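Worksheet for the structure shown next.
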Amino acid sequence: MDRKVRVRFAPSPTGPLHIGGVRTALYNYIFAKQNGGDLILRIEDTDSRRFVPGAEEYINNALAWLGITFDEGVKEGGKYGPYRQSERKAIYREYVDKLLDAGKAYIAFDTPEELEEAREKIPNFQYDAHTRGKMRNSLVMPKEEVDRLIADGTQYVVRFKVEPDHEVVVNDLIRGEVRINSNIIDDKVLFKSADNLPTYHLANIVDDHLMEVTHVIRGEEWLPSAPLHVLLYEAFGWKDTMPQFVHLPLLLKPVGNGKLSKRDGDKLGFPVFLLEWKDPVTGEISSGYREKGYLPEAVVNFLALLGWNPGDDTEMMSIDDLISKFSFEHCSKSGAKFDYKKGIWFNHEYLQKADNARLAELLKPTLEANGVKDCDPDYVAKAIALVKGRAELVPDLWTQGDFFFKAPETYAEKDVKKRWSAETPRIMEELIGVLEGIDDMSSANAEKIVLDWIAENGYHLGNVMNAFRLCVVGACRGPHMFDITELLPKEEVISRIRKAIETIPSPEN
Ligand code: GLU
């Protein structure tokens, strides 16, 4: 089979895209690129009860932020459209009728109450070859009655007629052959007259077929549906072009067992969504990787390694590296623990590699939130260069380097206690004089002059330098002192020293 690789990401717009779905989209993207194939974004919105306004736009924006682009989709267009399932109603109806005509599906009128009653009466009830004869459907009712009920507008569903007692084989690239007996599959609802819409199973299969999808790469939670999907391909006579299944390992909680949930994120303080999301009903805000200050390339690298490894211990991989190294052979069957701390580590590493002008742009909202407006981007970039080594997330650039943007308002008590003695104000006055005499404030030059002055006067190096730092930074922290004073305007440095002399009370003795 040498069909062109065509894969799809098929989210349901039921809310913000969960990080597990993002990883699925990423693997589809990587696989498509690796094989020179097409990636489709298909919106599976046939469950009108679960539709959430804004979710589709969110999915687009979130994946665009990560750098995942699609070849076909609602926005991109393409010759297999429409790409929103709610716009494909007529297509599905046609395929439902095909199954009905071939006797591979049937019409059922059972009301919710009748189904409930069956569940109560029959232990482990499922609608299948053993029970369908006792229910109200077109297999047991005379044709005239079925026609009359439909003509009267009675609501019905179309169910898939699963043949009992045979083995269904799902071939999965990660899991190998998964075999199950058809007896455990129930006669799934494929279509509901109430909203004239197909269910997920039918729409998904019909679209994968019509869109010529070659590989279905999706989360492990869909593995239980796969045998039914195989049967549907057979029923339609499409077995030869059935896509290759790939069910990706689950994302597990960082601690304990079970599937990663939004609650884990809330509890441990990490986002499970790419972008911040405001629930349109409750107004509740969920945090996003972007707003927390992660870089998209760090999130890509981190997510790619959840359930896959390159076969060695390489960790830092660009999207191009991932595209060349990725293979399903190195995907694990078992779930991947969501080690969010590793995500922070990756972000720190990528911050070091990131262009400072880009980081300056990303830091803007944080600067503005702290009252720093219209700062020269070049100045911001230089400040970032000095403090990024200590930053994990973008806003840390502010906490590490706030003194580049405003003079300290307070002075760290414990540092004052340790470094501010009765003679410090006099020495700082002297330092002002020394600084005033320096024309070239470049780091090495200023350092030499100031250190010479300290040595000539026999001052205590540590005490003087730390007092200097206290005046300029407000605490004994930050990068090399003379790198700071190279960047800050000299008058600003001097005015900060003056202010500290006036503000910091002299110790008692
Ligand atoms: N609409 C399903 C979802 O929300 C798609 C599952 C699949 O990829 O087949 O994930």
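Please work out which residue is nearest to the ligand (Cβ to nearest atom), limiting yourself to the stretch 186-226 and to residues that are assigned to a loop (DSSP other than H, G, I, E, B), within 19 Å of Val162 (Cβ to Cβ) and over 28 Å from the mean Cα position of the chain (by Cα).
Checked the stretch 186-226; the qualifying residue nearest to the ligand (Cβ to nearest atom) is Lys188.
For the stretch 288-308, does any single residue satisfy the condition of being out of contact with any Leu (no Cβ under 7 Å at 6 or more places or on another chain), surrounded by fewer than 16 Cβ atoms within 10 Å (Cβ to Cβ) and among the charged types (D, E, K, R)?
no
Yes or no: Asn301 in a helix (DSSP H, G or I), under 20 Å from Ile30 (Cα atoms) and in contact (Cβ under 8 Å) with a residue 40 or more places away in the chain?
yes
Just to be sure, is Phe236 surrounded by 17 or more Cβ atoms within 10 Å (Cβ to Cβ) and within 15 Å of the ligand (Cβ to nearest atom)? Before the answer, list the steps.
Values: surrounded by 17 or more Cβ atoms within 10 Å (Cβ to Cβ): yes; within 15 Å of the ligand (Cβ to nearest atom): no.
Here the answer is no, as Phe236 does not meet what is asked.
Just checking, which of Ala336, Ala391 is crowded, with 20+ Cβ neighbours inside 10 Å, within 30 Å of Asp264 (Cβ to Cβ) and in contact with a strand residue (DSSP E or B) (Cβ under 8 Å, 6 or more places away or on another chain)?
Details: Ala391 fails: in contact with a strand residue (DSSP E or B) (Cβ under 8 Å, 6 or more places away or on another chain).
Result: Ala336 is the single residue among Ala336, Ala391 that is crowded, with 20+ Cβ neighbours inside 10 Å, within 30 Å of Asp264 (Cβ to Cβ) and in contact with a strand residue (DSSP E or B) (Cβ under 8 Å, 6 or more places away or on another chain).
Report every pair of residues separated by at least 6 positions or lying on different chains whose Cβ atoms are under 8 Å apart, first residue within the stretch 73-91 and touching a residue at least 60 places away in the same chain (Cβ under 8 Å), second of a type in the set (Lys, Arg).
If the second residue must be of a type in the set (Lys, Arg), the pairs left are Gln85/Arg42.
Test each condition in (1) closer than 22 Å to Ile91 by Cα; (2) within 13 Å of the ligand (Cβ to nearest atom); (3) not in a helix (DSSP H, G or I) for His229 and report the one that comes out false.
Among (1) closer than 22 Å to Ile91 by Cα; (2) within 13 Å of the ligand (Cβ to nearest atom); (3) not in a helix (DSSP H, G or I), the lone unmet condition for His229 is (3).
Which residue pairs have Cβ atoms closer than 7 Å, lie 6 or more positions apart in sequence or on different chains, and pair a first residue in the stretch 264-277 that is over 20 Å from Trp65 (Cα atoms) with a second residue that is assigned to a helix (DSSP H, G or I)?
Leu268/Tyr340
With (1) part of a loop (DSSP other than H, G, I, E, B); (2) touching a Ser or Thr at 6+ places or on another chain (Cβ under 7 Å) as the list, and Ser86 as the residue in question, which single condition is left unmet?
Looking at each condition in turn, Ser86 falls short on (1).
From the set of residues in the stretch 120-159 that are among the small types (Gly, Ala, Ser) and within 24 Å of Tyr200 (Cβ to Cβ), which is surrounded by the fewest Cβ atoms within 10 Å (Cβ to Cβ)?
The first filter runs over the stretch 120-159 and keeps only residues among the small types (Gly, Ala, Ser), leaving 129, 133, 138, 151, 153.
Narrowing the set further to residues that are within 24 Å of Tyr200 (Cβ to Cβ) leaves 129, 138.
On the way: Ala129: 17, Ser138: 21.
The extreme case among them is Ala129.
Does any residue in the stretch 178-200 that is under 16 Å from Ala235 (Cα atoms) come within less than 7 Å, Cβ to Cβ, of a residue that is within 16 Å of the ligand (Cβ to nearest atom) and part of a strand (DSSP E or B) six or more places away or on a different chain, and which pairs are these?
Leu190/Pro198; Phe191/Pro198
Within the set of pairs 6+ apart or on separate chains, which have a first residue in the stretch 11-25 that is touching a residue at least 24 places away in the same chain (Cβ under 8 Å), a second that is part of a loop (DSSP other than H, G, I, E, B) and within 7 Å of the ligand (Cβ to nearest atom), and C-beta atoms under 7 Å apart?
Pro11/Glu44; Ser12/Glu44; Leu17/Pro11; Gly21/Pro11
Kindly evaluate Glu167 against the criterion of being touching a strand residue (DSSP E or B) at 6+ places or on another chain (Cβ under 6 Å) and free of Cβ contacts under 8 Å to residues at least 24 places away in the same chain.
Numbers: touching a strand residue (DSSP E or B) at 6+ places or on another chain (Cβ under 6 Å): yes; free of Cβ contacts under 8 Å to residues at least 24 places away in the same chain: yes.
Yes; evaluated as a whole, the condition is true for this residue.
Of (1) part of a loop (DSSP other than H, G, I, E, B); (2) away from the ligand (no atom under 14 Å from the Cβ), Ile180 satisfies all except one. Which?
With respect to (1) part of a loop (DSSP other than H, G, I, E, B); (2) away from the ligand (no atom under 14 Å from the Cβ), Ile180 is out only on (1).
Counting only residues that are of a type in the set (Val, Ile, Thr) and assigned to a loop (DSSP other than H, G, I, E, B), which one in the stretch 2-16 is farthest from the ligand (Cβ to nearest atom)?
Residues of the stretch 2-16 that are of a type in the set (Val, Ile, Thr), as a first pass: 5, 7, 14.
Those still in the list that are assigned to a loop (DSSP other than H, G, I, E, B) too: 5, 14.
On the way: Val5: 16, Thr14: 7 Å.
Out of the qualifying residues, it is Val5.
Has the stretch 255-274 got at least one residue that is part of a loop (DSSP other than H, G, I, E, B), of a type outside the set (Gly, Ala, Ser), within 15 Å of the chain's Cα centre (by Cα) and over 28 Å from Asn204 (Cβ atoms)?
Checking the stretch 255-274: at least one residue is part of a loop (DSSP other than H, G, I, E, B), of a type outside the set (Gly, Ala, Ser), within 15 Å of the chain's Cα centre (by Cα) and over 28 Å from Asn204 (Cβ atoms).
What is the residue count in the stretch 33-55 for residues that are of a type in the set (Gly, Ala, Ser) and either within 10 Å of the ligand (Cβ to nearest atom) or crowded, with 24+ Cβ neighbours inside 10 Å (or both)? Show your work before the answer.
Here is the first cut: in the stretch 33-55, the residues of a type in the set (Gly, Ala, Ser) are 36-37, 48, 54-55.
Cutting the leftovers down to either within 10 Å of the ligand (Cβ to nearest atom) or crowded, with 24+ Cβ neighbours inside 10 Å (or both) gives us none.
Number of matching residues: 0.
What number of residues within the stretch 304-345 are at positive phi and without any contact (Cβ under 8 Å) to a residue 60 or more places away in the chain?
Total meeting the criteria: 1.
Bear in mind these aren't lab numbers, they're just calculated from the coordinates by the rules spelled out. On a predicted model such as this, the values are computed, not experimentally measured, just so you know. All Cβ positions, even for glycine, are placed from backbone atoms using ideal geometry, and neighbour counts span all protein chains on display.
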